[in-house]
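Notes for the one structure printed next.
The values are calculated or read from the model by the stated rules, or taken from the named source; none is laboratory data. Keep in mind the model is a prediction, meaning the values are calculated, not measured. Methodologically, a virtual Cβ is constructed for each residue, glycine included, from the backbone with ideal geometry; neighbour enumeration extends over all protein chains shown.
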Ligand code: SF4
Ligand code: SF4
């Protein structure tokens, strides 16, 4: 399978001699460059099966490495190191240590699903990116990504109340990912909402923030959902050979202090 978008000669594998003379010929510096042999000795033969056992990764075995996913990828257009086709290749060949070199960017998939539409084999590369990010966290290679933290907060609210309260969701997400609550884009959005949304809708949003509404008769649904989620989580951990009660991965960053209401009101008045 091709791996042509990547340089296989890495800076750390180059050896040069500052001073070297061979048979009277001075080959100092780059004239004496040697490339150290590239050896992969830590194949993880279970990696493909493990990622296939997580949601989104089910069809990874269908990939025939055409590269359409990478060619169409939104993030790859900005960062060529973001390469779904290459990571699928590494996963299928069990090259875990190579995959781990990119562990801090895999979560950056923005779920635009361009790759999903481009893929001729219905691999669902977007799902594979999510499954790989999940796998990295479960295996302890990365802390929870901001994406996973957002999903947790979103799902947590739905499980608890059957409804989403947007302002609480954003506040909690910012707190867990170490971001300030007062951000320019958010202020601009709030100002536009105040300007353009009907008063009745604004009052409804305000009341939601105060009273934290919940769906009627949600208790039974919540119990069933919780049971299903716990079953699934246990199955995922088992598929990865992890103990059922291992500690949770930490968040990507430490929590920030709570909302500074005075600062927020002052910013909105500007
Ligand atoms: S869904 Fe993710 S992997 Fe697929 S094209 Fe969009 S950013 Fe790239
Ligand atoms: S587009 Fe589909 S088949 Fe082609 S490399 Fe990407 S995942 Fe594999």
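Considering only residues that are more than 16 Å from ligand 1 (Cβ to nearest atom) and either assigned to a helix (DSSP H, G or I) or not assigned by TED's automatic domain parsing to the domain that holds residue 113 (or both), which ones fall in the range 47-70?
47, 48, 49, 50, 52, 61
Any idea how many residues of the range 49-60 are closer than 10 Å to residue 91 by Cα and more than 18 Å from the chain's Cα centre (by Cα)?
1
Does the range 19-48 hold any residues that are closer than 30 Å to residue 88 by Cβ and in contact with a strand residue (DSSP E or B) (Cβ under 7 Å, 6 or more places away or on another chain), and which are they? Please lay out each step first, then the result.
The first filter runs over the range 19-48 and keeps only residues closer than 30 Å to residue 88 by Cβ, leaving 35-48.
Within the range 19-48, 35, 36 qualify.
Being outside any loop (DSSP other than H, G, I, E, B), touching a residue at least 40 places away in the same chain (Cβ under 8 Å) and not assigned by TED's automatic domain parsing to the domain that holds residue 240 is the requirement here; does residue 75 meet it?
So residue 75 fails the test.
Can you name the residue in the range 149-162 that is in contact (Cβ under 8 Å) with a residue 40 or more places away in the chain and touching a helix residue (DSSP H, G or I) at 6+ places or on another chain (Cβ under 6 Å) and, of all such residues, is surrounded by the fewest Cβ atoms within 10 Å (Cβ to Cβ)?
159
From (1) within 26 Å of residue 225 (Cβ to Cβ); (2) more than 16 Å from ligand 2 (Cβ to nearest atom), pick out the condition that doesn't hold for residue 124.
With (1) within 26 Å of residue 225 (Cβ to Cβ); (2) more than 16 Å from ligand 2 (Cβ to nearest atom) applied to residue 124, the lone miss is (2).
Looking at 179, 108, 148, 157, which one is modelled with pLDDT under 95 and within 19 Å of residue 68 (Cα to Cα)?
Criteria check complete, one pass: 108.
Whether any residue in the range 101-123 is assigned by TED's automatic domain parsing to the domain that holds residue 65, over 18 Å from residue 73 (Cα atoms), out of contact with any helix residue (DSSP H, G or I) (no Cβ under 8 Å at 6 or more places or on another chain) and not in a helix (DSSP H, G or I) is what I want to check.
Among the residues of the range 101-123, at least one is assigned by TED's automatic domain parsing to the domain that holds residue 65, over 18 Å from residue 73 (Cα atoms), out of contact with any helix residue (DSSP H, G or I) (no Cβ under 8 Å at 6 or more places or on another chain) and not in a helix (DSSP H, G or I), which makes the answer yes.
Given (1) crowded, with 16+ Cβ neighbours inside 10 Å; (2) within 16 Å of ligand 1 (Cβ to nearest atom), where does residue 111 come up short, assuming only one miss?
Among (1) crowded, with 16+ Cβ neighbours inside 10 Å; (2) within 16 Å of ligand 1 (Cβ to nearest atom), residue 111 violates only (1).
Can you pull out the residues in the range 190-213 that are surrounded by 12 or more Cβ atoms within 10 Å (Cβ to Cβ) and either in contact with a strand residue (DSSP E or B) (Cβ under 7 Å, 6 or more places away or on another chain) or not in a loop (DSSP other than H, G, I, E, B) (or both)?
Hits for the range 190-213 are 190, 191, 193, 202, 204, 205, 208, 209.
Looking at the range 163-188 only, could you name the residues that are over 24 Å from residue 201 (Cβ atoms), part of a helix (DSSP H, G or I) and touching a helix residue (DSSP H, G or I) at 6+ places or on another chain (Cβ under 8 Å)?
176, the sole residue that qualifies.
Of the conditions (1) surrounded by fewer than 19 Cβ atoms within 10 Å (Cβ to Cβ); (2) in contact (Cβ under 8 Å) with a residue 60 or more places away in the chain, residue 66 satisfies every one except a single condition; which number is it?
(2) is the only condition that residue 66 fails.
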